[in-house]
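The values are calculated or read from the model by the stated rules, or taken from the named source; none is laboratory data. Predicted model, so just to flag it, every value in this text is computed and none were measured. Reconstructed Cβ throughout: ideal geometry from the backbone, glycine too, with neighbour counts over all protein chains shown. For the accessible areas, the whole protein counts, side chains as well, though only heavy atoms, and no ligand, DNA or RNA atoms are used. Shrake-Rupley method; radii C 1.70, N 1.55, O 1.52, S 1.80 Å.
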Amino acid sequence: MTRPTFYITTPIYYPNDFLHIGHSYTTVAADALARYKRMRGFDVMYLTGTDEHGLKIQQRAEQAGQDVHEFLDGIIAWIKDLWAKLDISYDDFIRTTEERHTRVVEALFERLIDQGDIYLSDYEGWYCTPCESFWSERELVDGKCPDCGREVQFVREESYFFRMSKYVDRLLAFYDAHPDFIQPESRKNEMINNFIKPGLKDLCVSRTSFDWGIHVRRDPKHVVYVWLDALTNYITAIGYGSDDPQMQAKFERYWPADVHFVGKEIVRFHVIYWPIILMALGLPLPKKVYGHGFLMMRDGKMSKSKGNVIDPKLLIARYGSDAIRYFLLREIPFGQDGVFTPESLVQRLNYDLANDLGNLVHRSAAMMHRFVGGAVPASSAFGPLERDLAALCEQTVAEVEQHMDDMQFSLALGSIWSLIGRANKYIDEAAPWALNKAGERERLQTVMYTIAEAIRYASVLVAPFLPRTAEQIWAQYSVEPEQTTWESLRRFGTGAAGRAVAQRDPLFPRLDVEAELEALGALANKGRAPSSGTTAAEPNQPGPSQSAPVAAAKPAAQNATGLTPSGGPPEVGGKPRIGIDVFDQVELRVGQVELAERVPGADKLLRLMVNLGAETRQIVSGIAQHFQPEALVGQKVIVVTNLKPVKLRGVESNGMILAASHEGTLKLATVPPEMPNGAIVK
Ligand code: ME8
């Protein structure tokens with residue numbers, strides 16, 4: 001039986017500079033999905049690569065005093081080394097300077113001219129070199145590029161154009177027939193309203209003002225302009241236009257792509273121009289384009305000139321690749337913007353990785369040695385506690401599958417971490433130390449088996465996200481390969497007994513918050529400039545083994561939590577002063593009330609359904625005496641989104657809304673209506 005295929009791509013990045021943590025974000029997300037799909041039995045094709053033509057690249061090579069090829073080879077080696085360090089499991093890496101690509105682009109350009117889809121005309125407009133984008137006068141903001149705010153140049157030159165306008169109706173019909181094509185859905189209206197409704201302009205697809213690119217065969221003073229060149233990588237890489245029958249079969253096998261992952265700024269090229277190019281070539285269109293949000297720094301978008309770029313290799317060297325992968329995928333709901341703060345990184349590493357997962361694996365191994373001879377014992381019949389944990393394990397598998405289908409990595413990790421939390425709680429409740437003391441051997445063995453089985457579930461579930469950690473746990477707990485498959489998670493209790501368990505250092509060290517914040521501050525903008533001329537790949541220096549502590553932990557609990565030690569500044573309003581890192585633990589987002597109703601039998605409580613962009617949450621709020629429920633519907637509110645869920649009068653509340661209170665009056669804290677649901681409040 002042939003396996004179903006899954007073809008996933010990242011953008012091909014511009015190698016005009018070293019990549020930063022933002023590029024790593026897309027690549028890590030695609031990697032997690034590719035690994036997950038492989039575990040689910042798909043024949044996966046994961047493509048990434050580099051977009052190597054254009055004026056910008058030519059200029060950077062000149063600045064570096066290098067021949068373009070030499071310049072590019074240096075950066076590409078650096079990029080491949082980055083992906084190796086981040087454990088990116090791509091199946092192919094395409095460079096647009098490769099012959100397999102250039103030859104096909106040349107041929108298809110000729111064909112599109114012959115077909116009348118590409119025609120020669122004159123171009124006049126404003127050009128932003130860093131963004132490789134043309135803008136009309138009307139689109140400029142204060143005379144500058146609307147995307148990056150930099151200077152633009154007026155250009156007039158003979159150019160070839162792609163007749164986009166001819167395909168607009170077919171494109172809109174395609175959107176209608178494939179409502180899931182553009183994800184998240186909110187981006188679809190933006191595309192239609194901003195680019196299609198005002199009248200889709202024909203796209204300039206050649207330039208004569210620079211030389212570094214694929215030349216038009218019949219008119220070689222023209223160089224194929226970068227988006228036509230770039231987008232077609234998705235088909236040339238898998239064999240489109242190849243003479244080799246094996247490559248042709250590969251194209252048939254994988255095309256159309258299942259999903260293109262892109263940042264939101266290039267969604268437009270992927271959902272308008274790319275489908276139209278494919279229509280002109282008579283090819284099927286990709287199934288999905290997912291436009292994720294931006295990873296920002298506190299002071300806005302990352303940029304070298306602002307000095308707020310962090311070199312991902314330095315982060316990996318300090319914390320290990322899994323820690324960085326985890327942070328990127330857990331911290332930011334896929335589709336939304338998110339802010340990278342050193343505080344949030346350190347908190348995630350300390351709480352989720354060191355405390356929750358690391359501690360579960362570590363303390364359990366120690367107990368295996370202390371109580372049951374260092375091997376997983378056989379279990380007797382499960383009691384209620386075990387059945388409860390078993391049910392959660394099986395339910396978590398289903399939840400993760402659903403979230404992965406929706407490409408919601410942070411939610412998938414959230415589900416897995418709920419399970420890890422529950423497993424830790426199970427240990428506290430089942431208290432193996434007490435069973436040991438009381439000599440209840442049979443029960444003790446059942447408990448220790450259950451712990452090992454929960455750890456096996458967690459390790460398999462985290463494997464797409466944290467591949468090294470999964471391998472480490474499997475090695476430590478001697479999990480046989482056939483028990484590390486997704487299918488091995490169908491029934492709790494099928495994991496083998498008798499496996500030896502080794503005692504190892506903790507998987508993740510607990511970090512000293514202050515020392516790390518200082519170190520992270522120093523890491524910012526430590527990326528090397530390509531003009532340094534030393535662009536050859538560094539020797540592969542893997543990060544520290546994840547088991548090796550990277551910083552000596554400072555035990556001072558007050559410092560670790562950011563509370564001011566006694567003798568610090570005076571208290572404010574009765575509460576002690578806190579450090580920014582404590583405040584940063586609170587996640588506040590903009591929400592909109594979609595439903596409000598009284599909780600039966602509770603005169604103070606309202607049950608609200610609040611839309612947070614990526615999800616709608618149920619929140620129970622003690623404000624019923626101040627508001628009519630109907631008056632709240634549609635209101636923008638500020639929600640504390642990372643509170644642990646609680647039950648109020650039997651109704652689960654998953655968050656809290658903020659309100660100001662004064663002398664018995666209560667007013668909701670709100671934001672202007674134009675702030676989108678899910679926006680961060682800080
Ligand atoms: O646009 N947050 O290349 P590029 C999240 N060559 N993602 C980010 C990011 C950030 N701060 N910064 C970059 C190009 N990215 C073209 C693409 S595709 C046919 C041609 C990621 O080097 C994100 O995926 O500017 C974004 O779309 C991409 O890098 C831009 O990479």
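Numbers at a glance
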read-out	value
Amide H within-cut-off set for residue 135, under 5 Å, with H built and near neighbours excluded	126, 127, 128
For the chain, with +1 on Lys and Arg beta carbons and -1 on Asp and Glu, the positive-most of 390, 4, 678 along the dipole	390
Peptide ranges 604-612, 510-518, 627-635, 454-462 listed from the most packed, as the mean C-beta count within 10 angstrom indicates	454-462, 604-612, 510-518, 627-635
Rg to Rh, two decimals, where the stretch 106-224 supplies the alpha carbon set and Rh follows Kirkwood	1.00
Total charge dipole magnitude, the chain, about the Cα centre, Cβ charges on Lys, Arg, Asp, Glu only, Debye to nearest 20	1600
Under-5 Å amide H pairs with residue 652, H placed in peptide plane, nonlocal only	none
Whole-percent pair-distance distribution, where bins are 10 Å wide, for the alpha carbons of the stretch 586-681	17, 53, 28, 2
Share of carbon and sulfur in the accessible heavy-atom surface of the stretch 280-390 [1.4 Å probe, %]	55
Kirkwood hydrodynamic radius of the stretch 390-511, Cα pairs, Å	15.2
Ellipticity estimate at 222 nm from DSSP helix runs (n ≥ 4, -39,500 (n - 2.57)) divided over the chain, nearest 500	-11000 deg cm²/dmol
Accessible area of the stretch 122-184 belonging to carbon and sulfur atoms, whole % at 1.4 Å probe	46
Order by protection proxy (mean Cβ within 10 Å, highest first), peptides 62-69, 28-35, 483-490	28-35, 483-490, 62-69
Per residue accessible area in Å² of the stretch 150-198, where ligands, DNA and RNA are left out and the probe is 1.4 Å	59
Residues listed by number, the stretch 235-273, amide nitrogen under 20 Å from residue 115 label point at 7 Å toward C-beta	235-243, 248-249, 251-257, 269-273
Residue (of 191, 209, 155) at the positive-pole extreme of the stretch 106-224, dipole from beta-carbon charges	191
Å² per residue, accessible surface of the stretch 316-489 at 1.4 Å	32
Dimensionless Rg/Rh of the chain - Kirkwood Rh, Rg from C-alpha atoms	0.99
Sequence-separation-based contact order of the stretch 106-224, relative, with Cα cut under 8 Å and 6+ spacing, percent	26
Beta bridges by DSSP in the chain, antiparallel share as percent, to the nearest 5	70
Where labels lie 7 Å past Cα in the beta-carbon direction, separation of residue 153 and residue 491 in nm	7.0
For residue 385, solvent-accessible area (1.4 Å; no DNA, RNA or ligand), Å²	50
For the stretch 71-178, size of Cβ-based charge dipole, Lys and Arg +1, Asp and Glu -1, in debye	120
Value of relative contact order over the chain, rounded to a whole percent, pairs C-alpha under 8 Å and six or more apart	13
Relative contact order (percent, whole number), the stretch 391-466, Cα cutoff 8 Å, 6+ residue spacing	33
